[in-house]
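*Asks:* Pasting in a structure now, in structure tokens, and then I'll have a few things to ask.
The values are calculated or read from the model by the stated rules, or taken from the named source; none is laboratory data. Bear in mind that the values here come from a model prediction, so they are computed numbers and not experimental data. Counting neighbours? That spans all protein chains shown, and the Cβs are built from the backbone with ideal geometry, glycine included. For accessibility, only protein heavy atoms count, side chains too; no ligands or nucleic acids. Shrake-Rupley method; radii C 1.70, N 1.55, O 1.52, S 1.80 Å.
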Amino acid sequence: AFIPSDSDHLLLSADYSQVELRLMAHLSDDESLIEAFREGQDIHSATAARLFHSDIESVTTEQRRRAKTANFGIIYGISAFGLAQRLDISRTEAKEIIEGYFASYPKVKEYMDRAAEQARNEGFVSTIFGRRRYLNDINSRNAVARGVAERNAINAPIQGSAADIMKLAMVEMYRKMRAAGLRSRMILQVHDEIVVDLLRSEREQVERIVKEEMEGAAKLSIPLTAECGVGENWLAAH
């Protein structure tokens, strides 16, 4: 679908590595989650090892898949019913996974409770940069509406902070590329990924700027990491 502008250009794709989970680690200040990221562990395998009480080297593909679903599901306030549907397991088993997750990362649960409580008291939650998400239904008598607002209270500071970080990185990338007189251009943002129409002769310089600005956009308790790929089309750039 996406190709370089001409034969002198390539596509560069640069994406953050698990930025939302890193933000969860930062916001919750959970020691085990932070340690896993600082040690450069595969976070889904590390979670699986804790959930299934095994060494990280012994984690199976299926256990990692379940842990990955739990890792991302927890960010969105997933229920035992929702997790059971995603993993095609019983609700009882899904409940055990969620409880095991919170036992493994107790400060994540504390963060979730704290975010919901702040929303109930103040009517909004904030990103790490202070951008607010107002939640009008947080004290609603309607349980469904209230549940949606509570999940948004947990998720908005994470997704919102990720969005803030990406925009800050994009602004600095643009400034640095323009100041250097580069002809390469950012053309697309896709979630946690930037796509650049890359002049072949500028590859080394652009890769350095993109990686530096993405990784330096925010100072968290664990490092932000970004990876670059280059190719003749968007698929090849991955």
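*Asks:* Between Glu117 and Tyr174, what FRET efficiency follows from the Cβ-Cβ distance if R0 is 45 Å, with the result rounded to 0.05?
*Replies:* Calculated transfer efficiency: 0.70.
*Asks:* Kirkwood hydrodynamic radius, the stretch 1-66, all distinct C-alpha pairs: what's the number in Å?
*Replies:* The Cα-based Kirkwood calculation yields 14.2 Å.
*Asks:* Counting only heavy atoms of the protein chains, get the accessible area per residue of the stretch 104-238 (1.4 Å probe) and round it to a whole Å² value.
*Replies:* 55 Å²
*Asks:* For the stretch 114-161 and the stretch 47-62, what is the centre-to-centre distance using only Cα atoms, to the nearest Å?
*Replies:* After rounding, the separation between the Cα centres reads 33 Å.
*Asks:* Another question, if that's okay. Given (1) 122; (2) 145; (3) 235 as candidate values of volume of the Cα convex hull per residue in Å³, which corresponds to the one derived from the coordinates?
*Replies:* (2)
*Asks:* Let me ask you something else. Can you tell which of Gly82, Gly73, Gly216 shows the greatest fluctuation in a Gaussian network model of the chain with Cα springs below 10 Å?
*Replies:* Of Gly82, Gly73, Gly216, the Gaussian network model singles out Gly82 as fluctuating most.
*Asks:* Continuing with the same structure: Most mobile of Leu182, Leu11, Leu83 per a Gaussian network model of the chain (Cα springs, under 10 Å)?
*Replies:* Highest fluctuation among the options: Leu182.
*Asks:* Given the stretch 114-216 reduced to its alpha-carbon atoms as identical point scatterers, what log10 I(q)/I(0) does the Debye formula return at q = 0.12, 0.13, 0.14, 0.24 Å⁻¹?
*Replies:* Ignoring solvent entirely, the Cα scatterers give -0.54, -0.59, -0.63, -1.14.
*Asks:* Leaving ligands, DNA and RNA out of it, report the carbon-plus-sulfur percent of the accessible area of the stretch 87-210 at a 1.4 Å probe.
*Replies:* About 47 percent, which is the carbon plus sulfur part of the accessible surface.
*Asks:* Additional query: Can you tell me how much longer the chain between Thr225 and Glu31 gets when fully stretched, taken as 0.36 nm per residue apart minus their C-alpha distance, in nm with one decimal?
*Replies:* Gain on stretching Thr225 to Glu31: 67.9 nm.
*Asks:* Can you give me the distance in nm between label points at Asp6 and Ile187, each placed 7 Å from the Cα along the Cα-to-Cβ direction?
*Replies:* 1.3 nm
*Asks:* Work out, step by step, the length gained on full extension between Gln85 and Glu232: first 0.36 nm times the residue separation, then minus their alpha carbon distance; give nm to one decimal.
*Replies:* 49.1 nm
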